[in-house]
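*Asks:* The structure follows.
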Amino acid sequence: FEKKKIRLIVVLGILSLLIIPHLSEKYFNRLQSVETYQEDSAAMARVATNYAAINMVKENPIFGVGAGNFNEVVIDFTPIEYMKWIGEGISIHNVILEAASETGFVGLIVFLFLIFGGFKNTFISKRKIMAKNKDDEIYNLAIMLRIALFSLFIGRQFGQGAYFGNFY
């Protein structure tokens, strides 16, 4: 390992040791509900919205149902056996399925390139980045935006951001 990678691993390890003891019992109980997800209405709503998104992709694979339209058409694409778990305007919690259902494979590919570009830029050393481009100010801004997009992706995928408007 390079020194920088070792530092990153040490910092992440220390942060993990500081954060894990402070996770609440409610969080761990929520994780245990995975075994009995059929009894959990929130879990079943997520299953229903995931099936709806998959059906949207099946019916509109190239361009999707339109950016920002998931909440409007989710009922039309939800299988009948899952209708009791959803309501009008429900959002999906899976950002990748949201992008695929709303923008199709064309939009999903562009979206994933942006996300993976942000991931790559987040973990590349500054020296390698600067060697590629001489226009520092514009290039640094582009990299910062990609890193911000990647961070937002992580927050929306695993956090509570699913109900707060369009991601892309």
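*Asks:* Given a 1.4 Å probe and the protein chains all in place, what does the accessible area of Val73 round to, in Å² to the nearest 10?
*Replies:* Spelled out: Val73, probe radius 1.4 Å, area about 30 Å².
*Asks:* Leu114 to Glu137: FRET efficiency via 1/(1 + (r/R0)^6), r the Cβ-Cβ distance, R0 22 Å, to the nearest 0.05? Don't skip to the answer; put the middle values down first.
*Replies:* Working: r = 21 Å, r/R0 = 0.94.
About 0.60, to the nearest 0.05.
*Asks:* Over 28 Å between C-alpha atoms is what I'm after, so list which of Lys26/Lys58; Lys26/Lys120; Lys3/Lys120 land there.
*Replies:* Numbers: Lys26/Lys58 37 Å; Lys26/Lys120 34 Å; Lys3/Lys120 19 Å.
Over 28 Å apart, Cα to Cα: Lys26/Lys58; Lys26/Lys120.
*Asks:* Sticking with this structure for a sec: Apply 1/(1 + (r/R0)^6) to the Cβ-Cβ distance of Asn94 and Glu35, taking R0 = 22 Å, and write down the FRET efficiency to the nearest 0.05. Display every interim value, and only then the final one.
*Replies:* Numbers: r = 20 Å, r/R0 = 0.92.
Efficiency, from the Cβ-Cβ distance: 0.60.
*Asks:* Quick one: net charge of Phe113's neighbours, Cβ under 14 Å, K/R +1, D/E -1?
*Replies:* +2
*Asks:* Also, I was wondering about something else. Along each principal axis of its Cα atoms, how long is region 1-83 end to end? Whole angstroms, biggest number first, please.
*Replies:* Each principal axis gives a Cα extent; for region 1-83 these are 51, 34, 19 Å.
*Asks:* Under a point spin-label approximation (7 Å from Cα along Cα-to-Cβ), what is the Ile75-His22 distance to one decimal in nm?
*Replies:* Taking the two extended label points, one gets 4.3 nm.
The values are calculated or read from the model by the stated rules, or taken from the named source; none is laboratory data. Keep in mind that this is a model prediction, so the values were computed, not measured. A quick note on method: Cβ atoms are made from the backbone with ideal geometry, for glycine too, and the neighbour counts reach across all protein chains shown. The accessibility values were calculated without ligands, DNA or RNA, using every heavy atom of the protein model including side chains. Shrake-Rupley method; radii C 1.70, N 1.55, O 1.52, S 1.80 Å.
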